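K.L.:
Pasting in a structure now, in structure tokens, and then I'll have a few things to ask.
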Amino acid sequence: MTSSPHHAPLEPTSEVAEPFLSGSQLLVLTLGLLSIAVGQSLIFAILPPLGRSVGFDEIQINTIISASAAVFTISSAYWGRVSDRIGRKPVILIGLIGYAVGTLVFAGTFFIGINGILAGLPLFILIIITRCLSAITMSAANPGSLAYAADNSLRVKRTQTIARLSAASSIGLIVGPIFAGLVAGWGLLAPMYVAALFAAAAALLIAIKLPAKDSHRLYDRAVPLQKLRLLDPRVRLYLLCSVGVFTGFSGLQQTLGFRLQDSLGLSGIETARYTGMCLMACAFSTFVMQMTVAQRFAASPIYLIRAGVFGLVVGAIIISAVDSFTDILIGMAFMGAGLGMAVPAIASAVSLAVSGAEQGGAAGLVTACPGAGFIAGPVLAGMLYKVQPEFAAIGAASVLVMVFAFSFTQRAYIR
């Protein structure tokens, strides 16, 4: 009897024991992702004033984010498939070590610019190159971790496990801005040095403490595995929603520092601190929703996705309509709540929709989608911001409204 390689799971070559992810293993995975999340939130908080300190405008600064996001998107899908072949743990370590080294190099290029060694277009090109090289390796950590968790969790516990793992990013976004505010007093480059140190420490911990459970090797390696694609009918609803969500969110997030600095007349250090507080409010709200609603939700993930996107819409509308810092904090809290519901639900839905042998590819695509959103979102929002500051948030809200409508037009698929 033949079966479609595109839809049918490969048969295990030996008996598979009941998957199990212990509390200590989940903690180690969480700390690994936490280190990257802390580092990313530090960079998001300091990049607007740091970029302006070397003479870059809004479009140039956001182009740095978009260019690295494009590389991250392509690389994430690649690393997910690589983890199906060489194992999850080596891929996770590649991501963490690559992030530590890449962040130090990225900081070094800004050091060159701040000290007047290089300026203008040559500096801009060098910064993009170093950030993109960092993105190639750092993109391995998330799909490796997500696939590791999927390999070792029961289907009925999948959403709960992924929600707990996703909480690492939220905690990082809470902790990161605190460090940004504290460490930025030593200079705008100091937070990047701290981020590199965190990632290196996490890599050492995972190398020592995380067992290499390569359950993916139980599948027949002689049978060629069909490459999972973004528009695969089983997963396209969830993945396209993810791309749309992060297009809207990234555009708003990456222009937030400019808006705060311009509307409140802040210095570079003050902008980093105020932006950090907004990101922290967003992350705290995300964390609360991940640890409460997402952990207890028992219905189809599509309903949680729709609820999350609605929360994002509400937050974007609030931010587009106001200028006060307090109201912007409230809007970011709504957006965080939306992410806390939508992100783990999307990851769980994709994992449940594919076979066990496709978990690496699925994890790669799930991780790639936020990066895809960060390609277009910041550049479009940066151009809108130059026309009129409020237009950036209005554009983000419009994208999220379209995503919410799209979530009702496609059939959800769960195996």
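The values are calculated or read from the model by the stated rules, or taken from the named source; none is laboratory data. For clarity, every value in this text was computed on a predicted model and none was experimentally measured. Glycine gets a Cβ as well: all are built from the backbone with ideal geometry, and neighbour counts include every protein chain shown. To get the accessible areas, we keep the full protein, side chains included, count just its heavy atoms, and leave off ligands, DNA and RNA. Shrake-Rupley method; radii C 1.70, N 1.55, O 1.52, S 1.80 Å.
K.L.:
Specify which residue in the list 120, 248, 346 is farthest towards the positive end of the charge dipole of the chain, using unit charges on the beta carbon of Lys, Arg (+1) and Asp, Glu (-1), about the Cα centre.
P.N.:
Toward the positive end, the furthest listed residue is 346.
K.L.:
Where in the stretch 296-334 does the amide nitrogen come within less than 15 Å of the point 7 Å from the Cα of residue 388, taken along Cα to Cβ?
P.N.:
Correct set: 320-323.
K.L.:
Moving to a separate point now. With every protein chain left in place, what is the accessible area of residue 270 in Å² (1.4 Å probe, nearest 10)?
P.N.:
80 Å²
K.L.:
On to the next question. Using θ = phi - 60° and the Karplus relation 6.51 cos²θ - 1.76 cosθ + 1.60, list the HN-Hα couplings for the stretch 36-50 in order, rounded to whole Hz, with x at every Gly or Pro.
P.N.:
For the stretch 36-50, the Karplus curve yields 6, 5, 4, x, 5, 5, 4, 5, 4, 6, 9, 5, x, x, 5 Hz.
K.L.:
Each residue of the stretch 77-84 in order: what ³J(HN,Hα) in whole Hz does its phi give by Karplus 6.51 cos²θ - 1.76 cosθ + 1.60, θ = phi - 60°, with x for Gly and Pro?
P.N.:
Working through the residues one at a time gives 4, 5, 5, x, 6, 4, 5, 5 Hz.
K.L.:
Subtracting the Cα-Cα distance from 0.36 nm times the residue separation, let me have the gained length for residue 263 to residue 85 in nm, one decimal.
P.N.:
Working: separation 178, 0.36 × 178 = 64.08 nm, distance 5.10 nm.
Extra length from residue 263 to residue 85 when fully extended: 59.0 nm.
K.L.:
Using a cut-off of under 12 Å, list every residue of the stretch 365-397 whose amide N is near the label point 7 Å from the Cα of residue 59 along the Cα-to-beta-carbon line.
P.N.:
Residues passing the 12 Å test: 379-387.
K.L.:
Leaving ligands, DNA and RNA out of it, rank 21, 204 by accessible area with a 1.4 Å probe, largest first. Let's see the in-between values first.
P.N.:
On the way: 21 30, 204 110 Å².
Result of the area sort, largest leading: 204, 21.
K.L.:
Could you work out what % of the accessible surface of the chain is carbon and sulfur, using a 1.4 angstrom probe and leaving DNA, RNA and ligands out of the count?
P.N.:
Values: 11050 of 15890 Å².
Answer for the chain is 70 percent, counting heavy atoms of protein chains only.
K.L.:
Right, next: Please work out the FRET efficiency for the pair residue 324 and residue 155, using the Cβ-Cβ distance as r and a Förster radius of 45 Å; give the result to the nearest 0.05.
P.N.:
Values: r = 46 Å, r/R0 = 1.02.
Working from the Cβ atoms, E equals 0.45.
K.L.:
Heavy atoms of the protein only, probe of 1.4 Å, neighbouring chains included. What is the accessible area of residue 193 in Å², nearest 10?
P.N.:
100 Å²
K.L.:
Taking a probe of 1.4 angstrom, what is the accessible area of residue 297 in Å², to the nearest 10?
P.N.:
Answer for residue 297: close to 70 Å² accessible.
K.L.:
Then there's this: Roughly how far apart, in whole Å, are the Cα centres of the stretch 139-162 and the stretch 326-349?
P.N.:
20 Å
K.L.:
Let me ask something additional. Using the Karplus curve 6.51 cos²θ - 1.76 cosθ + 1.60 with θ = phi - 60°, what ³J(HN,Hα) values do you get for each residue of the stretch 138-155, in whole Hz, with x for Gly and Pro?
P.N.:
With the stated coefficients, the stretch 138-155 comes to 4, 5, 6, 5, 5, x, x, 5, 5, 5, 4, 5, 5, 4, 10, 9, 5, 4 Hz.
K.L.:
Compare 365, 231 by solvent-accessible area with a 1.4 Å probe and give them largest first, with all protein chains kept in place. Provide the component values of the computation, followed by the final result.
P.N.:
Numbers: 365 20, 231 110 Å².
Largest accessible area first, the residues go 231, 365.
K.L.:
Of 198, 249, which has the most accessible area and how do the rest follow, probe 1.4 Å? Provide the component values of the computation, followed by the final result.
P.N.:
Working: 198 65, 249 15 Å².
My answer, sorted largest first, is 198, 249.
K.L.:
Right, next: Quick one: if the Förster radius is 41 Å, what FRET efficiency do residue 22 and residue 236 give, using the C-beta to C-beta distance and rounding to 0.05?
P.N.:
Efficiency for this residue pair is about 0.75.
K.L.:
Which three semi-axes in whole Å describe the equivalent ellipsoid of the stretch 50-137, each the square root of 5 times a Cα gyration tensor eigenvalue, listed largest first? Let's see the in-between values first.
P.N.:
On the way: eigenvalues 171, 37, 12 Å².
Taking √(5λ) for each eigenvalue gives 29, 14, 8 Å, largest first.
K.L.:
Give me the number: length gained by fully extending residue 300 to residue 229, i.e. 0.36 nm times residue separation minus the C-alpha to C-alpha distance, one decimal in nm.
P.N.:
Working: separation 71, 0.36 × 71 = 25.56 nm, distance 2.22 nm.
Full-extension gain reported as 23.3 nm.
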